[in-house]
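The values are calculated or read from the model by the stated rules, or taken from the named source; none is laboratory data. Keep in mind that this is a model prediction, so the values were computed, not measured. All Cβ positions, glycine included, derive from the backbone under ideal geometry; neighbour counts span all protein chains shown.
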Amino acid sequence: MSQTLVTPGARTPQDAADAAARTLQAASRRRALITGGGFLAVGAYALWAFGLGTEGGTDAVFGMTVTGSGPKVGDLEVGARATAIAMSVVCMAAGVARVVLDASKLWRRLTTSVFVAAFVVAFLCWAVAGKQMSFAGALQNTMLAATPLILGALGGVVGERSGVVNIAIEGQFLFGAFAAALVASITDSLWAGLVAGAVAGGLVGALLAVFAVRYMVEQVVLGVVINLLVAGMTGFLYSQLLRPHGDKYNNPGVFQNHAVPGLSEIPVLGPVLLDVNAIVYLMYVLVAVVHFGLFHTRWGLRARAVGEHPTAADTVGIRVRRTRYLNVSGAGCIAGIGGAFLTIGTVGTFSKDMASGAGYIALAAVIFGRWRPLGAVAAALLFGFSKALATSLQTVQTPIPSEVLQMLPYVVTIFAVAGLVGRVRPPAAANKPYEKA
Amino acid sequence: MSHTPEEGGEPVAPRDTEAPEVPEAPEAASAAPPPKRSYGKAVVDAVVTGNSAVVTTLAILLALVVGGILMILSNQEVLDKYAYFFDDPGDALSASWHQVRDAYVALFKGSIVDPGTFDSNYAPYILNPISETVTQATPLIFGGLSVSVAFRAGLFNIGAQGQLIAGAIVAAWAGFQFALPTGLHLVVVVVGGLLGGAVYAGLAGVLKARFGAHEVIVTIMLNYIAVFFLSWLLTTGTFRQPNQPQPLGKPMHDTAVLPRLFGDELRVNLGIVLALAAVLLYWWLLNRSVLGFELRAVGANPDAARTTGMSVSRAQIVAMAFAGAMAGMIGVSQVAGPYNAGHQLTQTIDAGLGFTAITVALLGRTKPLGVVFAALLFGALQAGGSRMQASAQVSIDIVTVIQAVIVLCVAAPALVRTIFRLKGAHKGGEGSLVAKETAGAEAV
């Protein structure tokens with residue numbers, strides 16, 4: 001940024017300021033051009049690949065009834081080719097709109113959302129043409145995949161906003177999942193398991209905090225090593241105790257779903273969002289609490305101050321290290337609940353390395369969501385949706401391999417951090433240990 | 001920094017460029033020079049204040065203790081004895097002791113030497129544990145170098161996982177696709193592995209240098225992309241071995257396999273020679289070449305390097321490509337080495353080595369010899385771990401725990417000093433090598 005502020009030829013400060021503003025504006029114009037052009041290109045590709053280049057005459061059938069709960073809804077049948085063409089045109093229109101119209105924040109978000117939604121619909125019409133896919137089922141799977149991601153990403157946001165990079169989300173998931181399964185099996189109480197999961201995640205968070213804050217170990221490396229430690233420990237205990245004595249130690253059961261009366265009767269989204277288990281409801285609460293807390297409370301202001309400019313925070317009397325210890329441990333608790341969801345929220349047993357990289361996706365969601373709780377939630381939902389789609393389309397036998405779909409979140413994240421989807425800026429003091437002068 | 005004499009050789013600023021390979025006891029003496037000191041006193045001082053060799057030793061000790069505790073906690077029979085601990089404490093304690101002793105004795109027998117084989121008077125039996133240790137250390141040396149070279153240039157290579165898969169894919173393809181004479185075929189396979197890894201990591205380097213994309217995130221993402229790409233390849237006709245229920249790759253030709261060095265009974269193979277050659281290359285690159293100087297300068301202070309006219313982006317791309325090439329060699333040794341009997345791609349070809357590589361680099365303090373010793377230690381743990389699992393019924397996962405604890409302690413020497421009540425325990429983090437080794441750390 002320093003180049004934009006020192007503009008050659010500026011005579012007065014006013015000139016310099018104007019020039020700087022112009023440079024900034026030019027940069028944002030350029031970004032709008034690149035993004036809009038990208039939308040246009042992808043839309044044009046979709047138009048050919050999903051629409052014009054395909055055989056017409058088949059319908060794509062989307063099942064809209066959530067199995068097991070909620071009201072019955074008729075299947076949605078659409079002409080595959082026509083819909084794909086229409087949606088591709090919408091994609092291209094979003095690109096044109098991005099280039100032509102002003103680049104206000106609201107407008108950027110709107111065009112991006114429209115683009116993504118239209119592209120997904122166009123793609124699905126092509127993939128499901130002549131076949132049937134349960135769309136409601138995909139949404140349900142999205143929630144299953146996204147719930148731990150959201151919780152992990154919330155933990156990541158809190159940690160990084162306080163100035164500690166949290167690569168150890170994976171470890172917090174694993175230990176949370178392990179402790180939840182073990183404790184719920186021993187005590188025969190799912191709630192005890194949930195608490196244990198949170199505490200376990202918090203312990204991993206505290207370990208991270210102690211090494212990062214007190215011993216100032218490089219945080220990225222530290223996170224990776226902690227993940228290895230937890231993976232080794234849970235894997236070891238699993239092989240030695242949980243697998244041979246599964247009935248005693250690895251038989252926790254699963255939280256049952258509870259429907260919200262009335263609201264869960266809303267077609268499709270009702271049962272998907274409001275006929276879920278306790279951990280998902282807890283997740284809703286935590287999203288709201290973290291978002292409100294981070295931006296509207298004294299705690300949040302302090303956390304962000306410590307993460308952006310610890311020296312300034314220290315000067316006004318905020319205890320930097322203490323804040324980081326508490327926040328990173330608390331963030332670990334949240335991620336630990338996400339881990340508990342993996343065992344006592346869905347499958348009901350612990351298995352070795354069961355987080356299988358979800359922690360790293362949660363980290364990607366943190367970045368993709370630009371270190372904001374709601375952004376991270378949106379990113380986690382997107383990642384969850386692409387995973388659910390991969391699963392659904394695998395059973396439908398689509399023209400493209402499911403592995404490609406599973407790669408998608410990772411590819412998108414690379415584009416995001418490369419600045420092609422918009423600039424991302426981490427908290428200024430993340431990964432910078434604070435030493436009192 | 002003068003108050004941490006034992007760390008005096010660690011890079012803080014440009015002094016990095018003159019850093020001796022292994023800054024240990026002599027450094028401790030020189031940084032705070034008392035007029036005359038006996039050798040014995042120097043040793044005592046080193047132990048009491050805890051220099052890096054001492055810290056490493058204590059870290060290993062601590063890790064073994066943690067491992068022992070886990071073994072006791074996880075053994076149902078031993079736990080049952082603790083149920084009546086107050087009636088008969090001896091029973092529980094002796095059971096615990098036997099459990100831990102059996103495990104570590106097996107670990108030793110499996111990795112160094114098993115006295116039971118002396119009677120056979122047959123060299124391959126006696127040398128087998130050492131051969132296994134070296135064999136297991138081979139990919140770890142490559143991995144340690146991969147992570148180290150990136151570290152020195154101020155980059156974190158968390159992507160050895162993906163790069164080794166990329167290298168393994170190309171190497172395996174070169175191995176089954178062509179029919180070439182012995183020797184030449186192996187060269188083609190090795191070059192393929194090097195290039196596969198280098199290009200894949202170079203991608204991360206370019207994204208970093210051109211677009212400022214943080215290499216940690218990019219390499220993590222590339223890891224998963226590689227995993228899914230591999231599992232897709234294993235569904236295609238080009239790669240998949242036909243008539244197999246599992247997705248396995250086609251086996252490589254015999255001419256493409258790394259030859260064993262001392263007959264068929266010992267698994268130690270040409271890979272270790274290549275690994276040591278790579279160590280030499282790494283030493284030469286860092287300490288004798290202009291390019292290596294630039295890498296270290298960029299790692300120590302990118303802004304200063306830029307000011308002196310060095311190309312930061314070039315250094316970053318080169319460092320990542322070199323790191324990827326080394327990781328690609330892990331892939332080569334995985335498919336063409338003795339670890340997989342069929343010499344074919346599998347979905348678990350990476351064996352988690354990409355992450356172990358990071359711990360090797362940290363334990364070896366990114367120094368050439370350090371990486372070799374760290375790899376040998378972890379190789380020994382791995383080799384002994386297999387034996388431990390077989391004969392003492394202790395899951396090999398304990399090895400990962402031991403490795404991680406060692407590295408955590410080494411990364412935070414102040415913690416080790418506190419635990420063992422060594423002097424200088426209250427100096428906060430200034431002794432932690434990792435924080436300093438990577439002065440250009442960025443947020444993720």
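I'd like to verify a number: residues in segment B:231-270 that are within 30 Å of A:TYR410 (Cα to Cα) and touching a strand residue (DSSP E or B) at 6+ places or on another chain (Cβ under 9 Å), how many?
Within segment B:231-270, residues that are within 30 Å of A:TYR410 (Cα to Cα) and touching a strand residue (DSSP E or B) at 6+ places or on another chain (Cβ under 9 Å) number 9.
Give me a count of the residues in segment A:371-394 that are over 20 Å from the mean Cα position of the chain (by Cα) and free of Cβ contacts under 8 Å to residues at least 40 places away in the same chain.
Total satisfying the criteria: 1.
Based on this model, can you work out whether A:ALA380 counts as part of a helix (DSSP H, G or I), away from every other protein chain (no Cβ under 11 Å), under 28 Å from A:ALA312 (Cβ atoms) and of a type in the set (A, V, I, L, M)? Outline the logic, then answer.
On the way: part of a helix (DSSP H, G or I): yes; away from every other protein chain (no Cβ under 11 Å): yes; under 28 Å from A:ALA312 (Cβ atoms): no; of a type in the set (A, V, I, L, M): yes.
Against the criterion (part of a helix (DSSP H, G or I), away from every other protein chain (no Cβ under 11 Å), under 28 Å from A:ALA312 (Cβ atoms) and of a type in the set (A, V, I, L, M)), A:ALA380 does not qualify.
Mind checking which helices (runs of 4 or more DSSP H) fall wholly inside segment A:304-375 and carry at least 3 residues that are crowded, with 24+ Cβ neighbours inside 10 Å?
So the answer is A:320-340, A:358-368.
In segment B:73-81, is there at least one residue being assigned to a helix (DSSP H, G or I) and more than 14 Å from chain A (Cβ to nearest Cβ)?
yes
Those residues that are touching a Pro at 6+ places or on another chain (Cβ under 8 Å) and either without any contact (Cβ under 8 Å) to a residue 60 or more places away in the chain or within 14 Å of chain B (Cβ to nearest Cβ) (or both), I need them from segment A:186-218; list them, please. Steps first, answer last, please.
Quick first cut of segment A:186-218, residues touching a Pro at 6+ places or on another chain (Cβ under 8 Å) only: A:190, A:193, A:212-213, A:216.
Within segment A:186-218, A:ALA212, A:VAL213, A:MET216 qualify.
Got a sec? Which of B:LEU70, B:LEU58 is away from chain A (no Cβ under 13 Å) and among the aliphatic types (A, V, I, L, M)?
The match here is B:LEU58.
Could you check how many residues of segment A:160-184 are within 14 Å of chain B (Cβ to nearest Cβ), closer than 28 Å to A:ASN431 by Cβ and either of a type in the set (A, V, I, L, M, F, W, C) or in a helix (DSSP H, G or I) (or both)?
Here the count works out to 13.
Which ones in segment A:246-266 are in contact (Cβ under 8 Å) with a residue 12 or more places away in the chain and either of a type in the set (Lys, Arg) or not in a loop (DSSP other than H, G, I, E, B) (or both)?
A:GLY246, A:LYS248, A:TYR249, A:HIS258, A:ALA259, A:SER264, A:GLU265
Which residue out of A:PRO252, A:PRO267, A:PRO271 is crowded, with 24+ Cβ neighbours inside 10 Å, away from chain B (no Cβ under 14 Å) and within 20 Å of A:LEU139 (Cβ to Cβ)?
A:PRO271
Cβ-Cβ below 7 Å, separation at least six or inter-chain, first residue in segment B:142-153 and closer than 11 Å to B:ILE358 by Cα, second among the acidic types (Asp, Glu) and part of a helix (DSSP H, G or I): which pairs?
As it stands, the answer is B:PHE151/B:GLU437, since those pairs meet every condition given.
List the number of the failed condition for A:MET283; all other conditions in (1) within 14 Å of chain B (Cβ to nearest Cβ); (2) in a helix (DSSP H, G or I); (3) touching a residue at least 24 places away in the same chain (Cβ under 8 Å); (4) of a type in the set (A, V, I, L, M) hold.
(1)
So which residues in segment A:397-431 are under 25 Å from A:ALA303 (Cβ atoms), at the interface with chain B (Cβ under 7 Å from one of its Cβ atoms) and at pLDDT 80 or above? Steps first, please.
Here is the first cut: in segment A:397-431, the ones under 25 Å from A:ALA303 (Cβ atoms) are A:413, A:416-417, A:422-431.
Applying the additional criterion that residues be at the interface with chain B (Cβ under 7 Å from one of its Cβ atoms) yields A:413, A:417, A:426-427, A:430-431.
Listed by number, the residues that qualify are A:PRO427, A:ALA430.
Which is away from chain A (no Cβ under 12 Å) and buried (at least 24 other Cβ atoms within 10 Å of the Cβ), of B:ALA404, B:ALA390, B:ALA383?
The unique qualifying residue is B:ALA383.
Restricting attention to segment B:321-338, and to residues there that are under 17 Å from the mean Cα position of the chain (by Cα) and of a type outside the set (Gly, Ala, Ser), which single residue is surrounded by the most Cβ atoms within 10 Å (Cβ to Cβ)?
Filtering first and then ranking leaves B:ILE330.
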